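Accompanying notes for the structure given below.
The values are calculated or read from the model by the stated rules, or taken from the named source; none is laboratory data. Given the structure is predicted, the values throughout are model-derived calculations rather than measurements. Virtual Cβ from ideal backbone geometry, glycine too; neighbours counted across all protein chains shown. Surface areas here come from the heavy atoms of the whole protein model, side chains and all, with no ligands, DNA or RNA. Shrake-Rupley method; radii C 1.70, N 1.55, O 1.52, S 1.80 Å.
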Number of protein chains: 4
Amino acid sequence: MNTFGRNFRITSFGESHGPAVGVVIDGCPAGMALSENDIQPMLDRRRPGNSPQSSSRQEGDRIEILSGLMNGMTTGMPIALVVRNEQQRSVDYDELREKFRPGHADFTYQEKYGIRDHRGGGRSSGRETLSRVAAGAVAMKCLAARGITITGSVCEVHGKTSPSEIENEILAAKAAGDSVGGIVLVTAMGCPAGLGDPVFGKLDALIAGAMMGIGAVKGVEIGNGFEAARKFGSENNDPMTKDGFGSNRAGGILGGISSGQDIVVRIAVKPTPSIAKIQKTRDIHGNETEISVGGRHDPCIVPRIVPVAEAMLALVLMDCLLEQRKYR
Amino acid sequence: MNTFGRNFRITSFGESHGPAVGVVIDGCPAGMALSENDIQPMLDRRRPGNSPQSSSRQEGDRIEILSGLMNGMTTGMPIALVVRNEQQRSVDYDELREKFRPGHADFTYQEKYGIRDHRGGGRSSGRETLSRVAAGAVAMKCLAARGITITGSVCEVHGKTSPSEIENEILAAKAAGDSVGGIVLVTAMGCPAGLGDPVFGKLDALIAGAMMGIGAVKGVEIGNGFEAARKFGSENNDPMTKDGFGSNRAGGILGGISSGQDIVVRIAVKPTPSIAKIQKTRDIHGNETEISVGGRHDPCIVPRIVPVAEAMLALVLMDCLLEQRKYR
Amino acid sequence: MNTFGRNFRITSFGESHGPAVGVVIDGCPAGMALSENDIQPMLDRRRPGNSPQSSSRQEGDRIEILSGLMNGMTTGMPIALVVRNEQQRSVDYDELREKFRPGHADFTYQEKYGIRDHRGGGRSSGRETLSRVAAGAVAMKCLAARGITITGSVCEVHGKTSPSEIENEILAAKAAGDSVGGIVLVTAMGCPAGLGDPVFGKLDALIAGAMMGIGAVKGVEIGNGFEAARKFGSENNDPMTKDGFGSNRAGGILGGISSGQDIVVRIAVKPTPSIAKIQKTRDIHGNETEISVGGRHDPCIVPRIVPVAEAMLALVLMDCLLEQRKYR
Amino acid sequence: MNTFGRNFRITSFGESHGPAVGVVIDGCPAGMALSENDIQPMLDRRRPGNSPQSSSRQEGDRIEILSGLMNGMTTGMPIALVVRNEQQRSVDYDELREKFRPGHADFTYQEKYGIRDHRGGGRSSGRETLSRVAAGAVAMKCLAARGITITGSVCEVHGKTSPSEIENEILAAKAAGDSVGGIVLVTAMGCPAGLGDPVFGKLDALIAGAMMGIGAVKGVEIGNGFEAARKFGSENNDPMTKDGFGSNRAGGILGGISSGQDIVVRIAVKPTPSIAKIQKTRDIHGNETEISVGGRHDPCIVPRIVPVAEAMLALVLMDCLLEQRKYR
């Protein structure tokens, strides 16, 4: 299940400690201008090392388009994108061969496959999101040509909402060898009404699955989300007017189908599980032990989740747009 | 997209105002005893009219198994389940032919298909969940044979958590011609480690998609959900011990794969959008108007969502159990 | 895998000796008039007992539409079709509980599931094709509205091609307690260019899979088929002209994509494996034994395969037509 | 639709005139030793230029594994394989920008996408089969570990069956600026009973779809194929014995499920449509014209289809083997 989507389908591959990571996009419409320059800026946004709060790793990720273009235009054929891995310091990960990191997929991978790639988390590594962001950049270009724009932002870190407080929280966590979580808001503007299928292919169901499928995400809300559970129906319904709707508590989706209003999604991101602080854990032989996860880990991955969440929303919307062409 | 699942696949059909609703289950293992008596009690739980708080409709829904059995045992062939519709008072819905109900799918269906079934909401009706619950009952029987049990409960209505307060909130809303929302908790016990795929087929992604695909659900949390966004990593990680885990903030899923702990899901249910109180809306000709949604509507559908949420979790887990057989 | 198609999807269910057989169609466009009268005539064509050559069973199969219509029009919602089974003489099949019939799926079902429905072959029964024909009738109505017509015919039985010779061959086989096979030709006229995907979704690949998925079919040809293997390229290519093509050896498909010419398919149907003549076989305990398959079996099922083959071609084309809407 | 398979899924990408061709394999079991050396020999077999009869192009195709391995073992994660394109003489193809080649996908691609890659046929190029062969080599290694071997051979060219006659036919066609077709036989030995699903996922249906999805294939037979249409049932059924079956006219598949006998498939390959002989055709402006397709084209691609057909059979069987794990 490394493929996502029905119509605008992406297939992701690659580990942080193998030769490359990449993605194949199948179903991109023909006739759109596309080059590496459309994708590289999105990748650079998810790269660590651009601010004092984040990890100091330098990932000089250069995207290469391997297929699907003729004279700089898409042909409708699959578009393969690849980024070569450069830094591979497996030595950092030797302790991890023996010990399960709390909050990580180490234990569950071992249970599932009977084997696991302990070097940087393998496919559960954050580096896998590079494939999503690259494919999302292509989806966003397709959407932009149809008048749809997607924007994401950090709206809360460790309970704080102002930029300066957020910076302080992150720096304090870093100094303590700890980490903090937060909330990301993603919005799609200009989306036509009619996207999404009733029943199991509801637009909000697809979005929730896409967002919860990002590592570290533990909650998803559409529109007013959990707040709706505390409202009266008369407070929560969005009245209709001649010009559309009088409010947007529904977050742009009614009965699983887009209403033409902004699509509004909020996701909860847990604190990075890799922390220097000593934690209790178990080794692969069943013995209790302690671990301090070394290496250069982000004390807060919330800002780096933003382009990933944007990408996932773009992929869902592009998929639904193509699906909708079948109906009318 | 009326099919759900990859291995234990269900295909749902039927409208409240057509001859029947039903579901076809494809992929149920051979050799399990099955009869209508395994399914009917789950259907009765989602039926309205069992308490003073709920709607007074009497839906005498009798399930019939049309295929997939020989001598009372499953054969591995598709199991078709059907419930005939009895009460069909389309006359209640005549006003709805012209007016869009706020908070409903009326407008979005019209935009999507250029046609809509105004009688009882068509496929967006709560009656569609009958198919899910019936299929979920079969999945639960399969799971029970593997030591997995699923239980759901109402844990909050309109901000209140005690049974008597909840009853008061619902009766007050009913008296006011209004409605209230709430929160449902669903838990799976006995689930083995190793279920779910990394990347796009994460167990939590599948659960989130399944839950958000239930009508009226606006938020999903796994484990401590949005609370995780306000924690330090050192507070949020579940330490490992010789015997398993020291806590279960993750809700039984790490890196998208089940850990063997209880799987814990919370969902936010919006207040019923059908209310007697007068609301502003628009008719199909674009004119502003008012609407009081008549008929016998539940002032709070949260209790009726419980068996639906249990069913969806059962379907996801049964699907992943079959998927997992491919790996080891 | 009782579901066929990506966009116009059908899910088939039911055994000859259970309560009913049926099919759910998901993805039928909204706004088409549809009633049982559009489907019943196709079902009657596949029914045995209409000619002296065929089996004398009388299957009074009455189709019922359970969902997907409002005021006699499709709504875009799933259309469930059901036929109740009437005659169920399981007593005919008691010998079959113990013995594997040569040429049948008895042995392979037992190996696959560890259990099998010996009554009439269960899902491997010809009665399963009723679901395909019913769904195919709906697809044909959709196609007809787009100017596409599908016709099938028996073009050879036991090596003979004229109607009177064919009748003689069938009667002679019947008298001898034996059976004969033959070849069916199916053609689609009016199909636009551009259907089918390059690589794995080629139109001819989809057709070949659909046809070989009909029980008793052992070969499929597109256009001149095996004859092409004996030609020079200069003989086999269809020259292009101002008005289209100078010939149609390709059978209407080039590079897996329809060319706008007639789509021409031929399928080889093996002789009915159920024969009265004594055959050597094995019982479920591993002992060698003999069997004479009793009951009223068709000495030649080729004519009854014609509507099934038409239905499968209709389903493939309707699926591709909806798929193609995504491209241009 | 550049993805094939449900459980052992491959996604193919790349054009002959882009930077690379490749494939991503998703679902390969963990714990198998794998290196480029397992794949390269299969690729070399499909390479032209190894005999006097074939094209003189030298494609030094070197496969590279980009992901899915740790210490030379598969991890269960996607395996990406890439071959860089080296020779790219687009100049050969300039005439093709304007003229449709008879027997090729030029016209149908143009109709489908409104754009096409005229350089070497784009995705309809034989070079796309490189991805299939590379993925098939991995599937074959998986199958070999389970005791299943696949072998293919040329059994007929232009109606001739002896090697020396076949060589003469090919050389004569080459000298005449023409081409010839033929028949390929592919067999799987050691395959367990029980593979394939009844109804739409029949093993023979999957094989037929896989084979007809190879460019230039116009017919597929399982077992005795079209010959079955001319037999009596008493001649065509394979009698069962204590030890298995007394013959294998069914080609190893009964009711769509493998019987444990050899799986036998024959496919008809049309003569290469690219010929030097002058043919009538049309240009993209609708004018009638003539074309002599230059470049170094194989006068007979039948031998090069052999590894492709083996690969497709391997992919289908590996897919069904994983599917079957769900059942018992």
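Looking for whichever is assigned to a strand (DSSP E or B), open to solvent by 10 Å² or more (accessible area, probe 1.4 Å), of a type outside the set (A, V, I, L, M, F, W, C) and within 24 Å of C:VAL180 (Cα to Cα) here; the options are D:GLU227, D:GLU221. Which one fits? Give the derivation first.
Details: D:GLU227 fails: assigned to a strand (DSSP E or B).
Result of the check over D:GLU227, D:GLU221: D:GLU221.
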Could you figure out which of (1) more than 8 Å from every other protein chain (Cβ to nearest Cβ); (2) open to solvent by less than 10 Å² (accessible area, probe 1.4 Å); (3) not aliphatic (A, V, I, L, M) isn't true of B:LYS174? (2)
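Okay, residues lined up against (1) farther than 30 Å from A:GLY68 by Cβ; (2) small (Gly, Ala, Ser); (3) under 21 Å from the mean Cα position of the chain (by Cα); (4) more than 7 Å from chain D (Cβ to nearest Cβ):
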{"residue": "C:PRO198", "(1), (2), (3), (4)": "no, no, no, no"}
{"residue": "C:GLY201", "(1), (2), (3), (4)": "no, yes, yes, no"}
{"residue": "C:ASP204", "(1), (2), (3), (4)": "no, no, yes, no"}
{"residue": "C:GLY213", "(1), (2), (3), (4)": "yes, yes, yes, no"}
{"residue": "C:VAL217", "(1), (2), (3), (4)": "yes, no, yes, yes"}
{"residue": "C:ILE222", "(1), (2), (3), (4)": "no, no, yes, no"}
{"residue": "C:GLY225", "(1), (2), (3), (4)": "yes, yes, yes, no"}
{"residue": "C:LYS231", "(1), (2), (3), (4)": "yes, no, no, no"}
{"residue": "C:ASN248", "(1), (2), (3), (4)": "yes, no, no, yes"}
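Out of all the residues in the stretch B:118-136, which are surrounded by fewer than 24 Cβ atoms within 10 Å (Cβ to Cβ) and assigned to a helix (DSSP H, G or I)? Step through it out loud before you land on a result.
The first filter runs over the stretch B:118-136 and keeps only residues surrounded by fewer than 24 Cβ atoms within 10 Å (Cβ to Cβ), leaving B:118-120, B:125-127.
Result: B:GLY126, B:ARG127.
More than 30 Å from C:PRO41 (Cα to Cα) and modelled with pLDDT of 95 or more: is that true of C:SER259 in this structure? Full working, then the answer.
Values: more than 30 Å from C:PRO41 (Cα to Cα): yes; modelled with pLDDT of 95 or more: yes.
For C:SER259, the condition - more than 30 Å from C:PRO41 (Cα to Cα) and modelled with pLDDT of 95 or more - is met.
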State whether the residues of the stretch C:180-191 include one that is under 25 Å from D:LYS202 (Cβ atoms), open to solvent by less than 10 Å² (accessible area, probe 1.4 Å), touching a residue at least 12 places away in the same chain (Cβ under 8 Å) and outside any strand (DSSP E or B). yes
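Is it true that C:VAL91 is among the β-branched types (Val, Ile, Thr) and either part of a loop (DSSP other than H, G, I, E, B) or modelled with pLDDT of 90 or more (or both)?
Numbers: among the β-branched types (Val, Ile, Thr): yes; either part of a loop (DSSP other than H, G, I, E, B) or modelled with pLDDT of 90 or more (or both): no.
No, not satisfied.
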Could you give every pair whose Cβ atoms fall below 7 Å, whose first residue belongs to the stretch C:151-174 and is without any contact (Cβ under 8 Å) to a residue 12 or more places away in the chain, and whose second residue is assigned to a helix (DSSP H, G or I), counting only separations of at least 6 or pairs across chains? C:GLY159/D:ARG230; C:LYS160/C:ILE166; C:LYS160/C:GLU169
Verdict on D:ILE63 being open to solvent by 10 Å² or more (accessible area, probe 1.4 Å), at pLDDT 95 or above and β-branched (Val, Ile, Thr): yes
Please list, ordered by first then second residue, the pairs with beta carbon atoms under 6 Å, 6 or more apart or interchain, first in the stretch B:238-257 and free of Cβ contacts under 8 Å to residues at least 60 places away in the same chain and over 20 Å from A:TYR113 (Cβ atoms), second of a type in the set (Val, Ile, Thr) and open to solvent by less than 50 Å² (accessible area, probe 1.4 Å). B:GLY251/B:ILE222; B:GLY251/B:VAL264
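Which members of the stretch A:117-142 meet the condition of being charged (D, E, K, R) and within 10 Å of chain B (Cβ to nearest Cβ)? Spell out the reasoning first.
First, pick out the residues of the stretch A:117-142 that are charged (D, E, K, R): A:117, A:119, A:123, A:127-128, A:132, A:141.
If the condition is that a residue be charged (D, E, K, R) and within 10 Å of chain B (Cβ to nearest Cβ), then A:ARG123, A:GLU128, A:ARG132 are the ones that fit.
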So, of the residues in the stretch B:1-15 that are within 17 Å of the chain's Cα centre (by Cα) and surrounded by fewer than 23 Cβ atoms within 10 Å (Cβ to Cβ), which turns out to be nearest to B:ALA314 (Cα to Cα)? B:ARG9
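Of the residues C:GLY27, C:GLY14, only one is within 14 Å of chain D (Cβ to nearest Cβ) and on the phi > 0 side of the Ramachandran plot; which? Walk me through how you get there before you give the answer.
Details: C:GLY27 fails: within 14 Å of chain D (Cβ to nearest Cβ).
Answer to the selection: C:GLY14.
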Among (1) within 13 Å of chain B (Cβ to nearest Cβ); (2) basic (Lys, Arg); (3) assigned to a helix (DSSP H, G or I) - the single one A:ARG101 does not satisfy: (3)
Among the numbered conditions (1) modelled with pLDDT under 95; (2) under 26 Å from D:ILE222 (Cα atoms), tell me where C:ARG296 comes up short. (2)
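Quick check on my filter: what residues within the stretch A:230-247 are surrounded by fewer than 23 Cβ atoms within 10 Å (Cβ to Cβ) and either at pLDDT 95 or above or within 24 Å of B:ILE183 (Cα to Cα) (or both)? Before you say what the answer is, go through the steps one by one.
The initial filter retains those residues of the stretch A:230-247 that are surrounded by fewer than 23 Cβ atoms within 10 Å (Cβ to Cβ), namely A:230-232, A:234-235, A:239, A:241-247.
Result: A:ARG230, A:LYS231, A:PHE232, A:SER234, A:GLU235, A:PRO239, A:PHE245, A:GLY246, A:SER247.
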Being among the small types (Gly, Ala, Ser) and closer than 19 Å to A:PRO192 by Cβ is the filter here, so list the residues in the stretch B:97-123 that pass it. B:ALA105, B:GLY114
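Just give me the residues in the stretch A:28-37 being buried (at least 17 other Cβ atoms within 10 Å of the Cβ) and either modelled with pLDDT under 95 or in a helix (DSSP H, G or I) (or both), in sequence order.
Within the stretch A:28-37, the first condition is being buried (at least 17 other Cβ atoms within 10 Å of the Cβ), and the residues that meet it are A:28-30, A:32, A:34.
Listed by number, the residues that qualify are A:PRO29, A:ALA30.
Condition test on A:TYR113, is it among the aromatic types (Phe, Trp, Tyr), closer than 23 Å to A:ASP178 by Cα and at pLDDT below 95? Explain how you work it out, then say what you get.
On the way: among the aromatic types (Phe, Trp, Tyr): yes; closer than 23 Å to A:ASP178 by Cα: no; at pLDDT below 95: yes.
No.
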Can you tell me which residues in the stretch B:1-11 are among the aromatic types (Phe, Trp, Tyr) and either more than 9 Å from chain A (Cβ to nearest Cβ) or more than 17 Å from B:CYS320 (Cβ to Cβ) (or both)? B:PHE8
